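This report refers to the structure that appears directly beneath it.
The values are calculated or read from the model by the stated rules, or taken from the named source; none is laboratory data. Please read these numbers as outputs of a predicted model, since none were measured by experiment. Every residue, glycine as well, gets a Cβ built from its backbone with ideal geometry; the counts of neighbours run over all protein chains shown.
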Amino acid sequence: MRTRTGGTRRRTRPRAVALGIAGASAALVLGTSLWAYADTRRVTAPADHADTANGGTEGGTEGEQVPTVGDAAADPALAGTGVEVPRGWELVREHGAGHDTEEVTVRRYQEGGEYDVAGPHLSVVVGSDGRLIGVTALDPREANDPDALPGAEQAREAAYSWLARQDSEYLAGLEEQWVDRHDEVVVGADGEEHVIPGVKVKTRHADGRYAWVIVGADSRVVTFERDVTWDAVRQRRATQMWLHNAWIAAVEGTGGQPPAPAALAAE
């Protein structure tokens, strides 16, 4: 595994990291036609968007320019997604990792270029073929008013419209499972917890794996994950969780094993 870090600026606080908080509202199982969204909302990303990133190609897809540690340039994997690296945030880590049996690239951005396993972050997981497997943008400086969250139908439309722009063919293979409240928690440099509220639109692909989009306040996309498998025996997620602070802390040995349904950090 290759790992690049921010060097002497790295700091890891050995404190508990909060997991996402499932909302109390009941799941909505609806027979929505997902393809209907893709048919009317397909958008082509600007051709020159990826060219704004600086740095070499190590850790990225062949031909793509990826940032280097300490670089605050745009991440090429986010071209056309509407998700951007926040101003003042830098790449603090990039490494190869596993996503089930696939080798993926994980990039993590944080404010000031300082690594903090519990803190606000933007993380990106890119597949071996260059597809976007996951992204999460947990920034407490964004508008995160729970009262500004979309309703179920608005969240559904925002999620499927976003998926249509990324991969309409993939969207066509999805079947909705439910829509429900899902919050995440990050811890600021001052130790204060910040809740990032969201509405999760969970789907299952025809290949049997799961995907979801979490839509935040003002209908912005907060999190996307795809190609996630489930361990029915353990009643846990089977796929690694490179977007999730608590799971990463457990892998690094600075936090405890997350409870089910989170994946096991180690066998």
* Those residues that are touching a residue at least 60 places away in the same chain (Cβ under 8 Å), of a type in the set (Val, Ile, Thr) and closer than 17 Å to GLN240 by Cα, I need them from the range 92-135; list them, please. => VAL104, VAL106, VAL117, VAL125, VAL126, ILE133, VAL135
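Return yes when SER123 is within 17 Å of ALA79 (Cβ to Cβ) and of a type in the set (S, T, N, Q) and no when it is not. Show your work before the answer.
Working: within 17 Å of ALA79 (Cβ to Cβ): yes; of a type in the set (S, T, N, Q): yes.
So SER123 passes the test.
Does GLY134 satisfy the condition of being under 25 Å from ALA217 (Cβ atoms) and at pLDDT 95 or above? Steps first, answer last, please.
Working: under 25 Å from ALA217 (Cβ atoms): yes; at pLDDT 95 or above: yes.
So GLY134 passes the test.
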* **Failed item, numbered, when ASP207 is tested on (1) crowded, with 16+ Cβ neighbours inside 10 Å; (2) touching a residue at least 24 places away in the same chain (Cβ under 8 Å)** => (1)
* Structure fact -> Those residues of the range 116-129 which are buried (at least 20 other Cβ atoms within 10 Å of the Cβ) and over 13 Å from the mean Cα position of the chain (by Cα) amount to ASP116, VAL117, ALA118, GLY119
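If only one of TYR170, TYR160, TYR210 is aromatic (Phe, Trp, Tyr), under 26 Å from ASN245 (Cβ atoms) and at pLDDT 95 or above, which one is it?
On the way: TYR170 fails: under 26 Å from ASN245 (Cβ atoms); TYR160 fails: under 26 Å from ASN245 (Cβ atoms).
When all the criteria are applied, what remains is TYR210.
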* **Options ALA189, ALA265: the member that is in contact with a Phe, Trp or Tyr (Cβ under 8 Å, 6 or more places away or on another chain), at pLDDT below 95, part of a loop (DSSP other than H, G, I, E, B) and surrounded by fewer than 21 Cβ atoms within 10 Å (Cβ to Cβ)** => ALA265
* Asked: Of the conditions (1) within 15 Å of the chain's Cα centre (by Cα); (2) crowded, with 22+ Cβ neighbours inside 10 Å, ALA164 fails just one. Which one is it?
  -> (1)
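Wholly within the range 94-139, which strands (runs of 3 or more DSSP E) include no fewer than the required count, namely at least 2 residues that are among the polar types (S, T, N, Q)?
Details: elements: 102-111, 121-126, 132-138.
By residue number, 102-111.
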* Asked: Can you tell me how many residues in the range 110-131 are modelled with pLDDT under 95 and of a type in the set (Phe, Trp, Tyr)?
  -> 0
* Structure fact -> In the range 171-186, residues that are buried (at least 18 other Cβ atoms within 10 Å of the Cβ) and not β-branched (Val, Ile, Thr) total 9
* To do: Tell me which residues, restricted to the range 115-129, are within 20 Å of VAL66 (Cβ to Cβ) and either touching a helix residue (DSSP H, G or I) at 6+ places or on another chain (Cβ under 8 Å) or of a type in the set (D, E, K, R) (or both).
  => TYR115, HIS121, VAL124, VAL126, ASP129
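So which residues in the range 213-238 are surrounded by fewer than 22 Cβ atoms within 10 Å (Cβ to Cβ), within 17 Å of the chain's Cα centre (by Cα) and either part of a strand (DSSP E or B) or β-branched (Val, Ile, Thr) (or both), if there are any at all?
Kept after step one, since they are surrounded by fewer than 22 Cβ atoms within 10 Å (Cβ to Cβ), are these residues of the range 213-238: 217-220, 227, 229-238.
Those still in the list that are within 17 Å of the chain's Cα centre (by Cα) too: 217, 219-220, 227, 229, 237-238.
Matches in the range 213-238: ASP227, THR229, ARG237.
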